[in-house]
Amino acid sequence: MSEFIHPNLTQPQRRGLMFVLSSPSGAGKTTMSRKLLEDDDHITLSVSATTRAPRAGEIDGRDYHFVDNARFDAMVANGELLEWAHVFGNRYGTPRAAVEATLHAGRDVLFDIDWQGTQQLQQTEAGGDLVRVFILPPNMAELERRLRSRATDSEDVVAGRMARAATEISHWGEYDYILVNDDAAQCLAEIRAILAAERLRRFRQLGLAAFVRDMLGVAG
Ligand SMILES: Nc1ncnc2c1ncn2[C@@H]1O[C@H](COP(=O)(O)OP(=O)(O)OP(=O)(O)O)[C@@H](O)[C@H]1O
Ligand SMILES: Nc1nc2c(ncn2[C@@H]2O[C@H](COP(=O)(O)O)[C@@H](O)[C@H]2O)c(=O)[nH]1
């Protein structure tokens, strides 16, 4: 007869974490997020709401929830956003319900948000579940080259984002991990390593004490 092991004790359960990627515009957050999501089944992207117009190729509900100003106002008024901010002349915010549902299911949530949103998330009850990663470009010329080569924004928009880059970068000290996205494959490997280590943090492994007690055969 095989030994009965309580399913909850075969492996400690894990508390979902909130994994934030921030950077100056164009440093590579979206690129890294997409690659991470491709082969990690335990993390879900928080799809932000924004008043910005969709870029070519962006899909409503996948890349953003594209909303008008009136809808964004209502989301703010109804407390539907966990955080929101003005960024580059538009408003962006994190819908609360999807994040809470994902975390309650024990899954991780990936955020592609700016430093203002990160500060706000840090101040919520779930601040302890936050892992903050800031991505730097290798240099400012390369940042500008990437913004231009993406070919999604007008000259004015690119210039505006470059003008804000130094302010964005000045918040690097508020993050837990700082990466330089020079080689994309290396940057992705570093992001995966951070995520793997953070998932193993003792306080995130719920039921660990019971698991160890059971393993050692100590009566609980
Ligand atoms: N390591 C890299 N080497 C070269 N190009 C890269 C690298 N990482 C990203 N890129 C390119 O740089 C451009 C900007 O990247 P991406 O859109 O991911 O930036 P972002 O940080 O998400 O910007 P935003 O904040 O505006 O959303 C894209 O064309 C992307 O393919
Ligand atoms: N505070 C928040 N910032 C957000 C959110 N979603 C995206 N962003 C940030 O906005 C800029 C511009 O994004 P883009 O798609 O127009 O290039 C970038 O830094 C994003 O990280 C959000 O929900 N809250």
For region 14-39, pairs from a residue that is over 15 Å from V133 (Cβ atoms) to a residue that is near ligand 2 (Cβ under 9 Å from one of its atoms), with Cβ under 6 Å and 6 or more apart or across chains, are S25/R161
Checklist entry - Looking at this structure, is D68 closer than 20 Å to T152 by Cα, over 15 Å from the mean Cα position of the chain (by Cα) and either without any contact (Cβ under 8 Å) to a residue 40 or more places away in the chain or within 14 Å of ligand 1 (Cβ to nearest atom) (or both)? => result no
Counting only residues in region 101-120 that are under 18 Å from R199 (Cα atoms) and among the charged types (D, E, K, R), the one farthest from ligand 1 (Cβ to nearest atom) is identified as R107
**Message:** Given the criteria at pLDDT 95 or above, more than 16 Å from ligand 1 (Cβ to nearest atom), farther than 20 Å from A85 by Cα and touching a Lys or Arg at 6+ places or on another chain (Cβ under 8 Å), does E198 qualify?
**Reply:** yes
Going through (1) over 12 Å from the mean Cα position of the chain (by Cα); (2) within 30 Å of F203 (Cα to Cα); (3) open to solvent by 50 Å² or more (accessible area, probe 1.4 Å) one by one, T30 fails only at (1)
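Residue by residue, here is whether (1) in contact (Cβ under 8 Å) with a residue 40 or more places away in the chain; (2) within 23 Å of R34 (Cβ to Cβ) holds:
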| site | (1), (2) |
| --- | --- |
| V109 | yes, yes |
| D112 | yes, yes |
| W115 | yes, yes |
| R150 | yes, yes |
| A159 | no, no |
| E190 | no, yes |
| A197 | no, yes |
| L200 | no, no |
| L216 | no, no |
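The values are calculated or read from the model by the stated rules, or taken from the named source; none is laboratory data. Every value quoted in this text rests on a predicted model; they were computed, and no experiment measured them. All Cβ positions, even for glycine, are placed from backbone atoms using ideal geometry, and neighbour counts span all protein chains on display. Accessible surface is based on the protein model in full, side chains and every heavy atom, while ligands, DNA and RNA are left aside. Shrake-Rupley method; radii C 1.70, N 1.55, O 1.52, S 1.80 Å.
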